[in-house]
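Below is one structure, written out as structure tokens; comments come after it.
The values are calculated or read from the model by the stated rules, or taken from the named source; none is laboratory data. Remember, predicted model here, so these are calculated numbers, not experimental data. Positions of Cβ are generated from backbone atoms using ideal geometry, with glycine treated the same way; all protein chains shown enter the neighbour counts.
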């Protein structure tokens, strides 16, 4: 449930749950979640008998964007195994993925985004570079979702 306050929340305390319902078992913290968006399409429409010489905008269907998850490589194979199952023909859809924002004291959630019917569409392995050996190995997973709801 959304919790309103006068100052904006920071974007750095969040939890991701891939339908396990268990926020205490950490399988790797995500560094970034991006691309959660809703876009409503519109169409130009003009009645033939309209007294105005311009169309009006009519709302059409809406669509949601693909969501990108980035996490430090921890040796866990769970994301890759999900992608592998989908690419080999298994219908592995997670019906509910939640992204929950917490406040600075890790109390919350103060806002939750629910991603409906998520399926992986791209996995990117970390870039490896021996020349700049200070970077963290980051893997990326892009999910196609059918709906996005805010709680």
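Check the stretch 135-148 and report whether any residue there is out of contact with any strand residue (DSSP E or B) (no Cβ under 9 Å at 6 or more places or on another chain) and either closer than 24 Å to residue 13 by Cα or modelled with pLDDT of 95 or more (or both).
Yes, the stretch 135-148 has at least one match.
Restrict the check to the stretch 94-115 and report whether at least one residue is under 30 Å from residue 135 (Cβ atoms) and either loosely packed, with under 14 Cβ neighbours inside 10 Å or touching a helix residue (DSSP H, G or I) at 6+ places or on another chain (Cβ under 6 Å) (or both).
Looking through the stretch 94-115, at least one residue is under 30 Å from residue 135 (Cβ atoms) and either loosely packed, with under 14 Cβ neighbours inside 10 Å or touching a helix residue (DSSP H, G or I) at 6+ places or on another chain (Cβ under 6 Å) (or both).
Taking the residues in the stretch 39-77 that are exposed (fewer than 11 other Cβ atoms within 10 Å of the Cβ) and modelled with pLDDT under 90 as candidates, determine which candidate is farthest from the chain's Cα centre (by Cα).
Of everything passing the filter in the stretch 39-77, 75 is farthest from the chain's Cα centre (by Cα).
So, of the residues in the stretch 73-104 that are out of contact with any strand residue (DSSP E or B) (no Cβ under 7 Å at 6 or more places or on another chain) and assigned to a helix (DSSP H, G or I), which turns out to be nearest to residue 138 (Cα to Cα)?
78
Is there any pair linking a residue in the stretch 45-61 that is free of Cβ contacts under 8 Å to residues at least 12 places away in the same chain and on the phi < 0 side of the Ramachandran plot to one that is surrounded by 10 or more Cβ atoms within 10 Å (Cβ to Cβ) and part of a strand (DSSP E or B), with Cβ under 9 Å and at least six apart or on different chains, and which?
46/56; 47/56; 50/56; 55/43; 55/45
Does the stretch 9-20 contain at least one residue that is closer than 26 Å to residue 149 by Cβ, in a loop (DSSP other than H, G, I, E, B) and more than 17 Å from the chain's Cα centre (by Cα)?
Within the stretch 9-20, one or more residues are closer than 26 Å to residue 149 by Cβ, in a loop (DSSP other than H, G, I, E, B) and more than 17 Å from the chain's Cα centre (by Cα).
Out of the residues in the stretch 105-151 that are on the phi > 0 side of the Ramachandran plot and part of a loop (DSSP other than H, G, I, E, B), which is farthest from the chain's Cα centre (by Cα)?
Restricting to residues being on the phi > 0 side of the Ramachandran plot and part of a loop (DSSP other than H, G, I, E, B), the top hit is 106.
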